Amino acid sequence: MKFIKYSATFIIALLIAAGVYIYPKYQRGLVVAKALDQNNIAYTFLHMDEFFPSKQVRKGETSHIFPKADPISLPEGFSYQGKNFETSAYLDSTGSQGLVVIQNDSLVFEEYYHGQTENTRHISWSVAKSFISALFGIAIEEGQIKSIEQTVEEYLPELKGSGYEGVRIKDVLQMSTGVKFDEDYADQNSDINRWFKAFALGDSQDKFAATLVNETEPGTENHYVSINTHVLGMIIVKATGKSLTEYLEEKIWKKLGMEHDAYWVADNEDMEMALGGLNVTLRDYAKLGLLFLHEGNWKGEQIVPAEWVKASITPDAPHLMPDNSPTAAPNFGYGYQWWIPNGTEGEFMAIGVFHQLIYINPTTKTVIAKTSANPRFLDVSNIYSDELASVELFRKIAHEMAAPLETESDVADQ
């Protein structure tokens, strides 16, 4: 009887302990699920720190304020796939929350919608990947990371036995690891949603990365795996001895004179969501685009090595080309965590789910940044989920701004 009594007491205590551990996770999961309902994302994307732990990226003592040139009006419409779209309707239908246009280093257009303001930090989603690329290039230049020809486990022995063992860092940068992963956001059972559910409960992203397995030969297929970027973040942390927050603040945020603090959401192990958890104001997003437009140079200081910038936006193998297949997305090539749309003007982009975009056109000297909470994004059959439509709008904006400059130059040459 004593044994039964003690056993029952032990079981009750165990159930209470399990409840204390599990119930908060259950509650957190419900809160996050509600926050990410399509009807709520316009608010949630501007207040991610209300739902997840966060780490502040502090701005410096001085800020770079974009000089303002004569303001422009957006084109009334544009064409894509043989169809005409009204610009205002397209921006509204893609859930746009902010749009800025930088021309010749000056601010020529800035508008906000659906709750965002110039001071509001918006979730980056995969636009954060391009920030990680910049940090990686800096760490290479500083000698913290020796070479992208090294393999992952040289820095992360904890990933031995996973799909990342034996994979070159370069293949991780180029989304060509061969790791098996389903990035279908519309499928609740996909790998990306399985990862996010674990993240929402605070679970370790490092441990999740260690569970992935190899599917194809690394360096042969461009297959988009968001966890690849998390692995890059792990390498930066291991090599520099600093958190991503600290390294970003020191190497980019203060040097570019960002106007506002940013923040990175993190898991319960204090590791940042490297693949998409950065939250930034719109003009500060545009500054990353301007930095890369100027080949990593900011007011005379080389922040990111010029060679790294060039390599980051230059597909260098057949499987990475925008006009080849298989690629992660039709008509987009891939560099080091940057997208390269098919074209002849040297354009490149940072792209995040739900239409977070930074577009850079070196030919016209244009940078465009857009934040969004696109309620139609998961419907891949809908034109408003297609980033290439945004590319056509951005191209028209860039070309209309460049045209008067070309006319003035023609007059001067006569």
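Of these, 176, 133, which one is buried (at least 24 other Cβ atoms within 10 Å of the Cβ) and not in a loop (DSSP other than H, G, I, E, B)?
Details: 176 fails: not in a loop (DSSP other than H, G, I, E, B).
So the residue among 176, 133 that is buried (at least 24 other Cβ atoms within 10 Å of the Cβ) and not in a loop (DSSP other than H, G, I, E, B) is 133.
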Qualifying residue in the range 286-293 (condition: surrounded by 22 or more Cβ atoms within 10 Å (Cβ to Cβ) and in contact with a Leu (Cβ under 7 Å, 6 or more places away or on another chain)): yes
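If you check 275, 320, which single one turns out to be in contact with a Gly (Cβ under 9 Å, 6 or more places away or on another chain) and crowded, with 24+ Cβ neighbours inside 10 Å?
Numbers: 320 fails: crowded, with 24+ Cβ neighbours inside 10 Å.
On inspection, the qualifying residue turns out to be 275.
For the subset of the range 215-230 comprising residues that are among the polar types (S, T, N, Q) and surrounded by fewer than 17 Cβ atoms within 10 Å (Cβ to Cβ), which member is nearest to residue 320 (Cα to Cα)? Explain how you work it out, then say what you get.
Taking the range 215-230 as the starting set, the residues that turn out to be among the polar types (S, T, N, Q) are 216, 220, 222, 226, 228-229.
The next check asks that each one be surrounded by fewer than 17 Cβ atoms within 10 Å (Cβ to Cβ); those that pass are 216, 220.
Numbers: 216: 15, 220: 9 Å.
Step by step, filter the range 215-230, then rank; the result is 220.
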The range 180-214, subset over 20 Å from residue 267 (Cβ atoms) and at pLDDT 95 or above, residue surrounded by the most Cβ atoms within 10 Å (Cβ to Cβ): 214
Given (1) surrounded by 14 or more Cβ atoms within 10 Å (Cβ to Cβ); (2) at pLDDT below 95; (3) closer than 18 Å to residue 377 by Cα, index of the condition residue 87 fails: (2)
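Considering only the range 99-112, I want to know if a residue exists there that is hydroxyl-bearing (Ser, Thr, Tyr) and surrounded by fewer than 19 Cβ atoms within 10 Å (Cβ to Cβ). Spell out the reasoning first.
Of all residues in the range 99-112, those hydroxyl-bearing (Ser, Thr, Tyr) come to 106, 112.
Pick out the ones that are also surrounded by fewer than 19 Cβ atoms within 10 Å (Cβ to Cβ) and you get 106, 112.
Yes, some residue in the range 99-112 is hydroxyl-bearing (Ser, Thr, Tyr) and surrounded by fewer than 19 Cβ atoms within 10 Å (Cβ to Cβ).
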Strands (runs of 3 or more DSSP E) fully within the range 296-391 counting 1 or more residues that are more than 30 Å from residue 187 (Cα to Cα) and aliphatic (A, V, I, L, M): 356-361, 366-372
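For the range 255-264, indicate whether the set of residues that are part of a helix (DSSP H, G or I) and of a type outside the set (A, V, I, L, M) is non-empty.
First pass over the range 255-264, keeping only residues part of a helix (DSSP H, G or I): none.
No, every residue in the range 255-264 fails to be part of a helix (DSSP H, G or I) and of a type outside the set (A, V, I, L, M).
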Criterion: part of a loop (DSSP other than H, G, I, E, B) and aliphatic (A, V, I, L, M) - qualifying residue of 186, 239: 186
The range 57-83, residues that are within 17 Å of residue 257 (Cα to Cα) and part of a loop (DSSP other than H, G, I, E, B): 58, 59, 60, 61, 62, 63, 64, 65, 66, 67
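Which ones in the range 366-384 are of a type in the set (A, V, I, L, M) and modelled with pLDDT of 95 or more? It would help to see each step written out before you state the result.
Applying the first criterion (of a type in the set (A, V, I, L, M)) to the range 366-384 yields 367-369, 373, 378, 380, 383.
Result: 367, 368, 369, 373.
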The one condition in (1) touching a Phe, Trp or Tyr at 6+ places or on another chain (Cβ under 6 Å); (2) among the hydroxyl-bearing types (Ser, Thr, Tyr); (3) over 25 Å from residue 200 (Cα atoms) that residue 54 fails to fulfil: (3)
Meets criteria (charged (D, E, K, R), within 18 Å of the chain's Cα centre (by Cα), modelled with pLDDT of 95 or more and surrounded by fewer than 24 Cβ atoms within 10 Å (Cβ to Cβ)) for residue 392: no
Residue in the range 287-297 that is among the aromatic types (Phe, Trp, Tyr) and more than 19 Å from residue 368 (Cα to Cα) present: no
Single unsatisfied condition, residue 148 versus (1) farther than 30 Å from residue 75 by Cβ; (2) part of a helix (DSSP H, G or I): (2)
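Just checking, how many residues over the range 355-373 are over 24 Å from residue 172 (Cβ atoms) and either touching a Gly at 6+ places or on another chain (Cβ under 9 Å) or surrounded by 24 or more Cβ atoms within 10 Å (Cβ to Cβ) (or both)? Before you say what the answer is, go through the steps one by one.
First pass over the range 355-373, keeping only residues over 24 Å from residue 172 (Cβ atoms): 355, 359, 361-373.
In the following step, the residues that additionally are either touching a Gly at 6+ places or on another chain (Cβ under 9 Å) or surrounded by 24 or more Cβ atoms within 10 Å (Cβ to Cβ) (or both) were identified as 355, 359, 361-363, 366-373.
Of the residues in that region, 13 qualify.
The values are calculated or read from the model by the stated rules, or taken from the named source; none is laboratory data. Please read these numbers as outputs of a predicted model, since none were measured by experiment. Glycine also receives a Cβ, built like all others from the backbone with ideal geometry; neighbour counts cover every protein chain displayed.
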